[in-house]
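Colleague: One structure coming up, written as C-alpha cells, with questions to follow.
The values are calculated or read from the model by the stated rules, or taken from the named source; none is laboratory data. In this text the structure is predicted, and so the values were computed from the model without any measurement. Note: ideal-geometry Cβ built from the backbone for every residue, glycine included; neighbour counts use all protein chains shown.
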Amino acid sequence: MRHIMIALALSFTAVAAHADITWKVDRLGAGSVMVMKDRVSATSHVKRGFDGMLHVFDVFEGQGQNAGFLGSYKVTATGNVVESIAADGAVTRFAPHNCARVLGECSYVVTHPDGFAERKVRVTEPTRNGLRYTEYGLNGMEREGVLSLDTLGASEGGWVQAKGKKKRKVKRTRIAMN
C-alpha cells in the first residue's frame, strides 16, 4: 500500500512539475512562423514584432505567398491574447486577457467589435503533455479542448469542441524561428 501511495504522489508531482503552460513568445523573433492544420485548411501565424510590451502576430489562411490575410492578434509575454483584429479592422478586446495560459479558474471580459461586453470564465488544468480547458459564457459551457505543448509552450496539436459542434483536431506541422 505504501508503494502505491508513493507512486501516486510521484505521478502528481510529475504533472505539477510540467505545469508551466505559458507560451514563451519572447523567444520568437520577428518573422517566426507557426503553421497549424486541421482536416480542412492550414493557418499560418507569423510574428510581426511588438506593440509596446505586447507581441503581435499576423494570421493567414494557407501557407506561402498565396495565403490570405485573416487578421492579427496581440499577446502578453506568456501567450495570453489581449486583442484580436480581423482583416476588416474589427477589434475584439479581452480584459485583462483571454486566460488561455493561466492554470485554474480565470475570468475575463470580451468586448466585441459592436461594443457588447460579456464575462467569460476559463478553467485550465495541466496534463502530462500540456493543458485541458473548458470555457464558460452567458449560456454555460461554450467550448472545451486539449493542447499538447512543446518546450516553448507552443501548441503541437490537440482538439477543440464548441458546444453543439463536432470535435476539431488541429496539428502543428512546422515552426520556423527567427
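Colleague: Do we have any residue at all in the stretch 103-121 that's touching a helix residue (DSSP H, G or I) at 6+ places or on another chain (Cβ under 7 Å) and of a type in the set (G, A, S)?
Modeller: No.
Colleague: So which residues in the stretch 111-128 are in contact (Cβ under 8 Å) with a residue 24 or more places away in the chain, surrounded by 12 or more Cβ atoms within 10 Å (Cβ to Cβ) and either part of a loop (DSSP other than H, G, I, E, B) or among the aliphatic types (A, V, I, L, M) (or both), if there are any at all?
Modeller: Selection gives P113, T127.
Colleague: Look through the stretch 39-62, keep the residues that are touching a Gly at 6+ places or on another chain (Cβ under 8 Å) and among the aliphatic types (A, V, I, L, M), and return whichever of them is farthest from N98 (Cα to Cα).
Modeller: Among them, the one singled out is A42.
Colleague: Which of the strands (runs of 3 or more DSSP E) contained wholly in the stretch 137-178 include at least 2 residues that are under 20 Å from S107 (Cα atoms)?
Modeller: 140-149, 155-162
Colleague: For the stretch 94-104, which positions are buried (at least 19 other Cβ atoms within 10 Å of the Cβ) and not in a loop (DSSP other than H, G, I, E, B)?
Modeller: Listed by number, the list holds a single entry, F94.
Colleague: Looking at T43, is it at pLDDT below 95 and over 30 Å from K166 (Cα atoms)?
Modeller: no
Colleague: Tell me the residue from M36, M1 that is among the aliphatic types (A, V, I, L, M), modelled with pLDDT under 95 and within 15 Å of the chain's Cα centre (by Cα), please.
Modeller: It is M36.
Colleague: Take S107 and decide whether it is part of a strand (DSSP E or B) and exposed (fewer than 14 other Cβ atoms within 10 Å of the Cβ).
Modeller: yes
Colleague: On to the next question. Within the set of pairs 6 or more residues apart or between chains, which connect a residue that is over 29 Å from E142 (Cα atoms) inside the stretch 167-178 to a residue that is of a type in the set (S, T, Y) with Cβ atoms less than 9 Å apart?
Modeller: Every condition considered, the pairs that remain are I175/S32; A176/S32; M177/S32; N178/S32.
Colleague: Select, from P96, P126, the only residue that is touching a strand residue (DSSP E or B) at 6+ places or on another chain (Cβ under 9 Å) and more than 23 Å from W159 (Cβ to Cβ).
Modeller: P96
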